[in-house]
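Structure record follows, encoded as structure tokens.
What follows is calculated from the coordinates using simple rules that are stated; it is not laboratory data. It should be emphasised that the depicted structure is a prediction, and the values quoted were computed from it without experimental measurement. Cβ: placed from backbone, ideal geometry, glycine included. Neighbour counts: every protein chain shown.
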Amino acid sequence: MKGSILVSIVLLLIVSLQLVSAFGVADSTVDRVRKTLVEKQEQLKKVQDGIQYQEVLLSGSKNYGNKESPIMISYNQEKEQQISELKQLEKTINFEVDFLKKNWEERVVIALYRNLLNRAPEPTGLAHWASVLRVNDVRKTIKAIAHSEEYKQKNMNTPTETVKNGYRIILGREVESDSVLAEQVKNVEKFGPLAVIVALIDSDEYTKAFGDYSVPIPAQITKK
């Protein structure tokens, strides 16, 4: 009896530590987003001030208002570029603010979409996978997304691509050697691409690196 209680306590501690780790990752992401937000807001202010300053300088010029003058043509071109930059900054800031409003599940879904599907989630996808995360851990959710047609179309077009992308996205690294790549390609051809991806997600390496609640960080593609 005491032994089973001790085992239960140990399991509870392990799950608690995993949750702390997961929320730690989320908190770290939020801190990064907040820092980026402040930087973008400062950059936005500089662009706005720059446009206003140029308006003041040109307002006293005899060419001000003459759209055909070289100085006004140059100014308007530069202003259009700055306004374009301004809109992009505002878009980035709005995205970051929206991210900060999300709950933990939604933040994880956004990260999973970015890492596995290379895009932001649409509202229906965000709501669906957030609800999945409320009853499943991150690892199981990754398995489910890997079974989606979109993941297959983007990452499983050939056996070699399946293996390389699987290692980058799931394990966060490149395949360690050509021999391992060749062996895994054979596994894809024999057992199917999903079997290989699920094996990577269930591997000891994945467990040690990410556990059940952390989001894997994909490796950057290296060109040989």
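Each 5 Å bin from 0 upward holds the following percent of the Cα-Cα pairs of the range 138-224: 3, 15, 27, 29, 18, 8, 1.
Residue 132 to residue 158: FRET efficiency via 1/(1 + (r/R0)^6), r the Cβ-Cβ distance, R0 41 Å, to the nearest 0.05? Working from the Cβ atoms, E equals 0.90.
Here the dipole of the range 138-224 is about 180 debye; that uses its Cα centre as origin and unit charges on the Cβ of Lys and Arg (positive) and Asp and Glu (negative). Lysine pair count for the range 138-224 (Cα-Cα distance under 16 Å; residues 8 or more apart in sequence or on different chains): 8. Per residue, the convex hull around the alpha carbon atoms of the range 136-183 comes to 73 Å³. Each peptide in 80-90, 109-119, 123-133 was scored by the mean count of other Cβ atoms within 10 Å over its residues; highest first, the order is 109-119, 123-133, 80-90. In terms of the mean number of neighbouring beta-carbon atoms within 10 Å, the peptides 211-219, 142-150 order highest first as 211-219, 142-150.
Given their separation in residues at 0.36 nm each and the Cα-Cα distance between them, residue 147 and residue 47 gain 31.5 nm when the chain is fully extended.
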